[in-house]
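Asks: The structure follows.
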Amino acid sequence: MSNQIKVAVLDDYQGVALTMADWSAIQDRIDLTIFNDHLADEAAIVKRLLPFQVVCVMRERTPLTKQIISQLPNLQLVVSTGMRNASIDVKALEEFNITLKPTGYLWSGAPEFTWALLMAAARNIPIENANIKSGGWQTTIATDLKGKTIGIIGLGNIGKKIAEYARVFEMNVIAWSENLTEEKAEEGGAKLVSKQTLLKEADFVTIHLVLSDRSRGIIKQQDLELMKPTAYLINTSRGPLVDEAGLIAVLQQNKIKGAAIDVYDVEPMAADHPFRKLDNLLATPHIGYVTENTYKLFYGDTVKAIGEWLDK
């Protein structure tokens, strides 16, 4: 047992790491520990991970900062689900000669979930479901999609798919991002407008940007205040793209009809977070990528990556 490689799988919230992949190919060569809880304290993370040579992280749950990495002398391999993980200091891994292996990723989950949130918010599905459960009946009037305008901030792979969905529902599609051109917008099925115009004209504003130093806080409170009082904001990309305090203020003051969000500045969300008490917010716990096929790919590739590393 002492000669086996110690492997940690972090943040397996649903307890599915062992069922979503076949670990039998490497199980005799590793000493595997699955952690279902989440640690936020740096000292606690270091203490937990200190014995392990291999750490498998779910994208953007437990961070691996340089400060943490520098205190893990046994660490030799990090397997990260997905091709991009902003919570890992890649340069620090290189500095300490630690191998990083990413898994594959399915792009279908995020746009599907974005549209599910948009539909649920527009048709008041959570409210009416709660009414049924409590004995009520028909208390709201829904928002139509046909003929409405959707504003897409970021017309990349996911943004283009959202534009495709919107056209099926006969919506008008406008888009903006800092580097978006008229030609690229047209190719993506949208009309390029300014950021200000998008926020003023859209009935639904949905954000699909990569979080970076440039995009952090790209939607501020004053931007949200440009939106129609009947409009909705949807964010399934990254929490820090939107000024969280500003969004809370706008929702508390009912300056927009509502918001549907799946991502937050700090995850998991604190038990006393204001988002938990807003009636005009549809909130989900960062599950846009949490699908059966995605998890099978994540954990299947994790097993494969560890096996390839063991064989080298």
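Asks: If the cut-off is 14 Å between C-alpha atoms, which aspartates and glutamates fall inside it for K6, apart from same-chain ones fewer than 8 positions away?
Replies: Counting by Cα, and skipping residues close in sequence, K6 has these aspartates and glutamates nearby: D28, D31.
Asks: Between A86 and R167, what is the label-point separation in nm under the 7 Å Cα-to-beta-carbon projection?
Replies: Label-label distance for R167 and A86, simple model: 2.9 nm.
Asks: Measure nothing fancy, just the Cα-based angle from helix 109-122's long axis to the longest principal axis of the chain, in degrees from 0 to 90, nearest 10.
Replies: 30
Asks: Shifting gears a bit: On full extension of the chain, what length is gained from T291 through W107, given 0.36 nm per residue of separation minus the C-alpha to C-alpha distance?
Replies: 65.1 nm
Asks: Do the sum for the chain: with -39,500 (n - 2.57) for every DSSP H run of n ≥ 4, divided by all residues, what is the mean residue ellipticity at 222 nm, to the nearest 500 deg cm²/dmol?
Replies: -9000 deg cm²/dmol
Asks: Which residues' amide hydrogens lie under 5 Å from the amide hydrogen of K6, considering only partners 5 or more residues apart or on another chain, with H built in the peptide plane?
Replies: So K6 has HN proximity to D31, Q53, V54.
Asks: Let me ask something else. Give me the number: length gained by fully extending I132 to A116, i.e. 0.36 nm times residue separation minus the C-alpha to C-alpha distance, one decimal in nm.
Replies: The span from I132 to A116 would gain 3.8 nm if fully extended.
Asks: Give the angle, between 0 and 90 degrees and rounded to the nearest 10, that separates the Cα long axis of helix 292-311 from the longest principal axis of the Cα atoms of the chain.
Replies: Approximately 30 degrees, to the nearest 10.
Asks: If we sort 251-258, 174-181 on the protection proxy, mean other Cβ atoms within 10 Å, highest first, what's the order? Walk me through the numbers before you get to the answer.
Replies: On the way: 251-258: 16.2, 174-181: 18.1.
With the highest mean Cβ count within 10 Å placed first, the list reads 174-181, 251-258.
Asks: Could you please state, rounded to a whole Å, how far the C-alpha centre of region 72-105 is from the C-alpha centre of region 145-172?
Replies: 35
Asks: Under the rule a/c < 1.5 gives rounded, and otherwise a/b versus b/c splits prolate from oblate, where does region 109-283 land using the Cα gyration tensor?
Replies: oblate
Asks: Then there is this: Amide H to amide H, which residues 5 or more places from I88 or on other chains are under 5 Å from it, using H placed in the peptide plane?
Replies: L64
Asks: Something else now. Please list, in chain and number order, the residues 5+ apart from L282 or on another chain whose amide H is under 5 Å from its amide H, with Hs placed from the backbone.
Replies: Residues meeting the amide H criterion: A259, A260, I261.
Asks: Take D89, D272 and order them by how many other Cβ atoms sit within 10 Å, fewest up front. Could the numbers behind the result be given before it?
Replies: On the way: D89 18, D272 7.
The fewest-first ordering by Cβ neighbours comes to D272, D89.
Asks: Helix 125-134: angle to the longest alpha-carbon principal axis of the chain, degrees 0 to 90, nearest 10?
Replies: Roughly 90 degrees, rounded to the nearest 10.
Asks: Which one, D203, D41, D31, has the greatest fluctuation when you compute a Gaussian network model over the chain with C-alpha springs under 10 angstrom?
Replies: Comparing D203, D41, D31 in the GNM, the peak value goes to D41.
Read the figures in this text as sums done on the coordinates, not as results from a lab. Here the structure is a predicted model, which means the values were calculated and not measured. All Cβ positions, even for glycine, are placed from backbone atoms using ideal geometry, and neighbour counts span all protein chains on display.
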